[in-house]
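Trainee: Dropping a structure here in structure tokens format, bear with me for questions.
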Amino acid sequence: MKLPSPPGERARQRGATLLLALLAGLCSCAPTSVAPTVIRLQAPRDTDTEFQFGLRTGPRVTAVVEANSAGAFAPQTDGPVPPNLGLAYELDYTHVLWRGLAVHGSAQAELFGGLPLPSLGAGAGLSYRWQFGAFSFAPAIAGRGASSFGQNMVGGNGSYLSGDASLTFSVAGGDRSRIGFVPFVSLQQMFGTRATTIYFGGLFVMRYQAVELFAGVGRTYLFSAGPAWNVPLVGIRVGGS
């Protein structure tokens, strides 16, 4: 005959079961499309190397593909609400190689349950900044990939590869602040859901010392003969050399 487990052991078992269930859910979030990969707003104190950490929104294309296949996605009524809208952590790295030429690296993790766990993504790019007194502009190109590692719960299941181009216009607002505008376009190939999308839009960016805030709108179009929908883009990043 099996003896009953002591209360403390039963509590530990329940805790372990709950933790495993939570981790399963956390690992099943579909990847958020993050673009533009490069936002090159000059820091008030220009440095050769900078790390930035933050949060930003973007579309979850996998959720729309699944809903569209089932005939349930209506952009004019559903709008960009979860799971169609994703929120992801990101870590960005900028290093100036020569004059205005810089290399960029980034990593992405889904925000689900407040923790940065898979899906995971990574990106890399190049930019060049021209400076004219208080004004500057910096074109950039970048590539990014992300995956949900075969999980299929929140926002669907899938992976993607994307390439994007952006152009950061900015002007100094004082010794410690800067404002800018960043138009961008991104071409994305989804795997698992087998879809191709074009994603474009613009961000208004404001930086005060090490804190960077941005807000704008993106438009996502699903090929072919698929829906198109708008996505609110907001985010915050904090940087330091």
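Trainee: Looking at L97, L91, which one is of a type in the set (A, V, I, L, M, F, W, C), farther than 29 Å from A63 by Cα and modelled with pLDDT of 90 or more? First the steps, then the outcome.
Mentor: Working: L91 fails: farther than 29 Å from A63 by Cα.
That would be L97, the only listed residue that is of a type in the set (A, V, I, L, M, F, W, C), farther than 29 Å from A63 by Cα and modelled with pLDDT of 90 or more.
Trainee: Here's a follow-up. Before we move on, is P116 at pLDDT below 90 and either surrounded by fewer than 17 Cβ atoms within 10 Å (Cβ to Cβ) or under 23 Å from A210 (Cβ atoms) (or both)? Let's see the steps before the verdict.
Mentor: On the way: at pLDDT below 90: yes; either surrounded by fewer than 17 Cβ atoms within 10 Å (Cβ to Cβ) or under 23 Å from A210 (Cβ atoms) (or both): yes.
It is true that P116 is at pLDDT below 90 and either surrounded by fewer than 17 Cβ atoms within 10 Å (Cβ to Cβ) or under 23 Å from A210 (Cβ atoms) (or both).
Trainee: Would you please list the contacts, defined by Cβ atoms under 6 Å and residues six or more apart or on different chains, that run from a residue in segment 153-167 that is over 13 Å from E110 (Cα atoms) and of a type in the set (A, V, I, L, M, F, W, C) to a residue that is modelled with pLDDT under 95 and surrounded by 21 or more Cβ atoms within 10 Å (Cβ to Cβ)?
Mentor: Cβ pairs passing all conditions: M153/S28.
Trainee: Of the residues in segment 46-88, how many are at pLDDT below 75 and either farther than 30 Å from W130 by Cα or not in a loop (DSSP other than H, G, I, E, B) (or both)?
Mentor: Residues of segment 46-88 at pLDDT below 75: 46-47, 66-83.
The next check asks that each one be either farther than 30 Å from W130 by Cα or not in a loop (DSSP other than H, G, I, E, B) (or both); those that pass are 66-83.
Residues meeting the conditions: 18.
Trainee: Could you grab me the full set of residues in segment 214-241 that are surrounded by fewer than 15 Cβ atoms within 10 Å (Cβ to Cβ) and either more than 17 Å from the chain's Cα centre (by Cα) or closer than 28 Å to D48 by Cβ (or both)?
Mentor: Passing the criteria: Y221, F223, S224, A225, A228, I236, V238, G240, S241.
Trainee: For segment 142-160, which positions are loosely packed, with under 15 Cβ neighbours inside 10 Å and at pLDDT 90 or above? If you could, list the steps in order and put the result at the bottom.
Mentor: Of segment 142-160, the ones loosely packed, with under 15 Cβ neighbours inside 10 Å are 143, 149-150, 152.
G143 - this is the single residue of segment 142-160 that is loosely packed, with under 15 Cβ neighbours inside 10 Å and at pLDDT 90 or above.
The values are calculated or read from the model by the stated rules, or taken from the named source; none is laboratory data. Everything numeric here is computed off the predicted structure, so don't read it as measured data. Please note: Cβ atoms are built from the backbone with ideal geometry, for glycine as well, and neighbour counts cover all protein chains shown.
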